[in-house]
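Everything below concerns the one structure shown next.
Quick note: the coordinates plus some simple rules give every number you see, no bench work behind them. Please read these numbers as outputs of a predicted model, since none were measured by experiment. Counting neighbours? That spans all protein chains shown, and the Cβs are built from the backbone with ideal geometry, glycine included.
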Amino acid sequence: MNLEHLKIFYMVAMKKNFSETAKALHMSQPSVSLQVRQLEESLGTKLFNRTTKKVYLTPAGELLAKSAKNILKQVNETKKELQRLEQSIHGHLIIGASLTIGEYILPYLFGEFKRKYPNVNIILKIYNSQQIAEKLNDREINLGFIESMISYPEFVQEAFLEDELMVISTDEIANAPDQSNEITIDQLFNLPLILREEGSGTRQVIEESLRIYNLNPSKLNVILELENTESIKSAVESGMGISIISKMAVQKELALKTLKSYSIKDINLKRSLFYIYNDTNLSLPSQVFLEFISEFYQGQHSSANELQINCENTRQE
């Protein structure tokens, strides 16, 4: 059995589409079809039933897909162990991260990681959560960092940090009762609101949290959607409305008192942040980076609050 044939078969089995597999692997569709056919001939069995729009695994294909995942994972683990023996942790680490994580969390980790592993070349790309899943699926990135759980059972998803979302506004707009740091649910739904775009992790968390409290997020008075956190903060500072963003993203403005933060009365907007990856294709630099993050937060920074202090001090220097 040819290992390359097995990799291509497994990708087709996951995507259920030859043309999408060809695009992800940077191959022509006839080449993908040929290699799958060669695998079928070598095994003496049919692995897919094909239609004009989609392909379906046969019973034999279902069985091989389960085995292929374990085989490819084991091959990958063996490669990583061999690299560890040679003490040669090197190569590219391409990370796809949501805006908040990519701008306000990961950059503070890269410096120390690069000091420990100078031969790892890190490339960071900013996407929303849906795009990160797609890029992982197409193997355009090695690791993803997202702000909410997404339903992709083929990926491993694990929480690595707790974050808190808060309402931000100018004092003139919020008009919180009794000068408190809370706004009411009625105020939240009536005040003009500036949010991230549909598909972003922050937007998903906000909407899911409101539904937990039997509140309909479609009733929010959303006047503007932006894809950039800095643009959202500028729009709020200009007096256009309020917003809901990560506490980690607004430390500088809170310190300078250009914005004020509020919680929502009776609503908890705490969330976990996640990393996500394909365990059949996890490179050694990717695994080492995940180990580094785990040690970092268990040791030096075990909570989101401590990270916020670190970020705030760095920005003020």
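Full extension of the chain between Glu140 and Lys265 gives 40.8 nm of extra length, using 0.36 nm per residue less the Cα-Cα distance. Taken about its Cα centre, the chain carries a charge dipole of about 1300 debye when Lys and Arg each add +1 at the Cβ and Asp and Glu each add -1 at the Cβ. Evaluating 6.51 cos²θ - 1.76 cosθ + 1.60 at θ = phi - 60° for every residue in region 273-285, the Karplus couplings come out as 9, 10, 9, 9, 7, 9, 6, 8, 9, 8, 6, 4, x Hz, glycine and proline recorded as x.
Share of pairwise Cα-Cα distances greater than 20 Å in region 3-85 is 33 percent (whole percent). In order along region 193-200, phi translates into HN-Hα couplings of 10, 10, 10, 5, 6, 4, x, 6 Hz, rounded to whole numbers, per the Karplus curve 6.51 cos²θ - 1.76 cosθ + 1.60 with θ = phi - 60° and x for Gly and Pro. Hey, what angle do you get for helix 304-316 against the long axis of the chain, alpha-carbon based, 0 to 90 degrees rounded to 10? For 304-316 against the chain, the angle is about 70 degrees.
Considering only Met149, Asn216, Ser286, and ranking their Cα positions along the charge dipole of the chain that arises from unit charges at the beta-carbon of Lys, Arg, Asp and Glu, the one farthest toward the positive end is Ser286. Just want the answer: with Cβ charges of +1 for Lys and Arg and -1 for Asp and Glu, which residue in Asn70, Leu106, Leu39 is farthest toward the dipole's positive end in the chain? With unit charges placed on the Cβ atoms, the residue in question is Leu39.
Evaluating 6.51 cos²θ - 1.76 cosθ + 1.60 at θ = phi - 60° for every residue in region 5-15, the Karplus couplings come out as 4, 5, 4, 5, 4, 5, 5, 4, 4, 6, 8 Hz, glycine and proline recorded as x. Checking [x] 126; [y] 148; [z] 159 against volume of the Cα convex hull per residue in Å³ calculated from these atoms, the matching label is [z].
Of the cross-linked pairs Lys7/Lys135; Lys15/Lys73; Lys219/Lys257, those separated by over 22 Å at the C-alpha level are Lys219/Lys257.
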